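**Student:** A single structure is presented below for examination.
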Amino acid sequence: MAVTRSFKELVQSRVARDPDFAAALLREGIDTARYEALRGRSFDIRRVSTLVAAGLIERHAGKLRVAAAGFPLLDAIVADLAA
C-alpha cells in the first residue's frame, strides 16, 4: 500500500512537478485557505479567474478543482496555479 504524504508536505514540495497535487486537484479539489496558510501566499486571483472563465477549473465551497474541460491541460493548469 502506498503512503500518502501530508497536505503540508505537498504544499512545501515543488508543487508544479508534484503528481499528488495534480491528483488532489482532480479528485476533491484544493482547499484554498489551507493551501494559502501552509504556502504563505495566496493563489493569484487573476490566474484563477482566467482559468475559471475559460471553464478549465471550478471554484466551489472554498476549493479549486479541475473541470472536465481542463483534464487535457492538467500539467499547464497546475504549473499556472503554482507560479
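The values are calculated or read from the model by the stated rules, or taken from the named source; none is laboratory data. Predicted, not measured: the structure shown is a model, and the values here were computed from it. Every residue, glycine among them, receives a Cβ derived from its backbone with ideal geometry; neighbour counts consider all protein chains shown.
**Student:** Within segment 38-67, work out how many residues are surrounded by 14 or more Cβ atoms within 10 Å (Cβ to Cβ) and either in a helix (DSSP H, G or I) or on the phi > 0 side of the Ramachandran plot (or both).
**Tutor:** Count: 6.
**Student:** Within segment 45-55, can one find any residue that is more than 18 Å from residue 83 (Cβ to Cβ) and modelled with pLDDT under 90?
**Tutor:** There is no residue in segment 45-55 that is more than 18 Å from residue 83 (Cβ to Cβ) and modelled with pLDDT under 90.
**Student:** Here's another thing I want to ask about it. If the requirement is being at pLDDT 90 or above and either touching a Cys at 6+ places or on another chain (Cβ under 9 Å) or of a type in the set (Gly, Ala, Ser) (or both), which of these qualifies: 23, 69, 79, 16? Explain how you work it out, then say what you get.
**Tutor:** Working: 23 fails: at pLDDT 90 or above; 79 fails: at pLDDT 90 or above; 16 fails: at pLDDT 90 or above.
After ruling out the rest, the residue left standing is 69.
**Student:** Considering only residues that are farther than 19 Å from residue 31 by Cβ and of a type in the set (A, V, I, L, M, F, W, C), look in segment 69-82 and name the one that is surrounded by the most Cβ atoms within 10 Å (Cβ to Cβ).
**Tutor:** Pass one, segment 69-82, residues farther than 19 Å from residue 31 by Cβ: 69, 71-73, 75-76, 79.
With the extra rule that they be of a type in the set (A, V, I, L, M, F, W, C), the set shrinks to 69, 71, 73, 76, 79.
Details: 69: 12, 71: 11, 73: 16, 76: 13, 79: 14.
Going through the qualifying residues, I end up with 73.
**Student:** Which pairs have Cβ atoms under 6 Å, sit 6 or more apart or on different chains, and link a residue in segment 62-83 that is farther than 20 Å from residue 39 by Cβ to one that is among the hydrophobic types (A, V, I, L, M, F, W, C) and part of a helix (DSSP H, G or I)?
**Tutor:** So the pair list comes out as 70/77.
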